[in-house]
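Participant: Would you mind keeping the following structure in view while I ask a few things?
The values are calculated or read from the model by the stated rules, or taken from the named source; none is laboratory data. This one's a predicted model, so the numbers in the text were calculated from it and none came from an experiment. Neighbour counts run over all protein chains shown; Cβ positions are idealised from the backbone, glycine included. Side chains are part of the model used for accessible areas, which takes the heavy atoms of the whole protein and leaves out ligands, DNA and RNA. Shrake-Rupley method; radii C 1.70, N 1.55, O 1.52, S 1.80 Å.
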Amino acid sequence: MESKPFKTHNQQLKILRDRGLEVKSSAKRSLEQYGYYSLINGYKWNFLKRDSNGNIMRPEKFKVGSNFQEIQDLYDFDRELRSILFESILRYESTLRATIAYRFSEKYPENHSYLAMDNFGNQEHPETVLKTINELSRVIRDKVNERRRNGRSSNAIQHYVWKHKHVPLWVLVNYLTFGAINYLYINLENDLKIKIASDFQKNRKRSYGPCRSITPDVMESVNHIVNIFRNAVAHGEITFSKRLYSSNRNSNIVNVLGDTRINTNSQGGVFELLLALKLVLTKQDYKKLTKRIKKLIDDYSGKFYSVNFNEILQDMNFPDDFISLL
């Protein structure tokens with residue numbers, strides 16, 4: 001295996017200059033703050049030379065005229081994009097948690113009803129139901145075992161266990177990951193999944209007027225897309241160029257939106273995430289989201305010279321007429 005010996009910041013700058021990147025000495029501050037791996041290895045790809053087939057040339061060389069500041073700007077663009085998306089994802093996540101907890105508790109008001117297998121659907125795959133129940137139990141156990149502060153509860157779960165000997169689902173859901181919430185929904189009985197989907201349809205109708213039905217399949221498509229991007233934005237992963245490969249899920253969402261101008265394909269990206277959020281956010285929250293996205297694009301569209309900004313929009317899977325489609 002080829003070793004990767006330590007390089008000082010000055011040596012790292014020399015490597016970049018040797019590969020044809022224009023680098024000012026002030027770029028050292030960025031390497032100190034963000035690190036070579038996160039900044040350069042994460043965002044260099046749009047600026048590398050490619051052959052006639054579109055493959056990156058080896059050894060790596062940067063396009064003529066490309067400079068370090070462009071890579072920094074793309075890094076900053078992606079960081080701001082994550083922040084915008086995260087806020088909207090959390091809005092949806094909060095509503096989904098509350099709706100699931102309400103509908104499940106409405107049907108099964110008994111204490112610890114969410115720990116009983118008979119209260120779930122998907123009985124043909126009991127292992128998935130058990131996995132969900134085990135996750136709910138684990139979260140309760142971990143939170144109960146957290147150290148108490150001055151004899152007082154350190155979290156709401158601990159408080160409910162010690163004082164009420166029971167943790168309501170509407171408390172527990174706030175401590176679950178979005179992935180766990182997604183699987184909880186998947187494993188619910190069909191009538192509950194339909195009710196929850198119908199609740200989101202009613203919310204959409206309040207904002208947009210008459211609309212097509214939101215079914216459990218559509219909800220699962222939305223949750224699948226949101227879960228992938230939720231993990232990416234929460235962990236600081238590269239987001240603008242993230243790709244999804246699930247044409248059926250994209251088609252489900254587009255069909256409900258009813259906009260025949262939107263083309264679906266086997267790939268999805270940030271654009272498909274925005275379409276998914278359009279189904280489940282209020283009109284006011286969605287308009288705020290798209291307004292911030294458009295401003296972000298306006299702020300950064302003139303910062304790139306060695307690459308066309310349309311290439312970055314294509315990485316986000318944005319069509320040419322994305323403004324009118326959003």
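Participant: What value, in deg cm²/dmol to 500, does the helix sum -39500 (n - 2.57) over DSSP H runs of n ≥ 4 give at 222 nm once divided by the residues of the chain?
Facilitator: Values: 14 runs with 188 residues, N = 326.
Computed ellipticity for the chain at 222 nm equals -18500 deg cm²/dmol.
Participant: Taking the chain as a Gaussian network, Cα atoms linked when under 10 Å apart, which of 74, 115, 96 shows the biggest mean-square fluctuation?
Facilitator: With Cα springs under 10 Å in the chain, the top fluctuation among 74, 115, 96 is at 115.
Participant: Using a probe radius of 1.4 Å on heavy atoms only, what accessible surface per residue do you get for the chain? Whole Å² is fine.
Facilitator: On the way: 17360 Å² over 326 residues.
Value for the chain: 53 Å² per residue.
Participant: On the full set of protein chains, 1.4 Å probe, figure out the accessible area of residue 95 and give it in Å² to the nearest 10.
Facilitator: Surface accessible to solvent at residue 95 totals approximately 50 Å².
Participant: What residue among 318, 293, 150 has its Cα farthest toward the positive end of the dipole of the chain, where the charges are +1 on Lys, Arg and -1 on Asp, Glu, each on the Cβ?
Facilitator: 150
Participant: Of [x] 16.9; [y] 22.1; [z] 15.4, which is the value of mean projected area of the Cα convex hull in nm² derived from the coordinates here?
Facilitator: Matching entry in [x] 16.9; [y] 22.1; [z] 15.4: [y].
Participant: 7 Å from Cα along Cα→Cβ at both residue 53 and residue 234: what's the point-to-point distance in nm?
Facilitator: Placing both labels 7 Å beyond Cα along the Cβ direction yields 4.0 nm.
Participant: Counting chymotrypsin sites (Phe, Trp or Tyr not before Pro) as exposed when in a DSSP loop with at most 14 other beta carbons within 10 Å, what is the longest stretch of the chain free of them? The partial results should precede the final answer.
Facilitator: On the way: sites that count: 6, 305.
Answer from the scan: 7-304.
Participant: Run the accessible area of the chain with a 1.4 Å probe and give the carbon-and-sulfur part as a rounded percent.
Facilitator: Details: 8280 of 17360 Å².
Of the solvent-accessible surface of the chain, carbon and sulfur hold 48 percent.
Participant: Among 50, 91, 79, determine the one that fluctuates most according to a GNM of the chain built with springs between C-alpha atoms less than 10 Å apart.
Facilitator: Of the options given, 50 has the highest mean-square fluctuation.
Participant: With all protein chains present, calculate the accessible area of residue 89 using a 1.4 Å probe and round the result to the nearest 10 Å².
Facilitator: The accessible area of residue 89 comes to roughly 0 Å².
Participant: Next question, about the same structure. Hey, got a sec? Which GluC sites (Glu not before Pro) in the range 204-307 land in a DSSP loop and have at most 14 other Cβ atoms within 10 Å? Walk me through the numbers before you get to the answer.
Facilitator: On the way: sites: 220, 237, 272; in loops: 237.
Counting only loop positions with at most 14 other Cβ atoms within 10 Å, the GluC sites (Glu not before Pro) in the range 204-307 are 237.
Participant: Next question. Working with all protein chains in place, sort 142, 78 by solvent-accessible area computed with a 1.4 Å probe, largest first. Before the final figure, lay out the partial values.
Facilitator: Working: 142 65, 78 0 Å².
I get 142, 78, largest accessible area first.
Participant: Let me ask something else. For the chain, list the DSSP H helices whose alpha carbon atoms reach 20 Å or more along the long axis and whose average Kyte-Doolittle value is 0.0 or above? Could you put the intermediate results ahead of the total?
Facilitator: On the way: long enough: 68-107 (58 Å, -0.45); 126-144 (27 Å, -0.28); 190-208 (26 Å, -1.45); 216-234 (26 Å, 0.34); 283-300 (26 Å, -1.59).
Once both thresholds are applied, what remains is 216-234.
Participant: Between residue 162 and residue 294, how many nm apart are label points set 7 Å from Cα along the C-beta direction?
Facilitator: 5.1 nm
Participant: Of the options 72, 109, 208, report the single residue whose Cα projects farthest towards the positive end of the charge dipole of the chain (beta-carbon charges: Lys, Arg +1; Asp, Glu -1).
Facilitator: Final value for the positive-end residue is 72.
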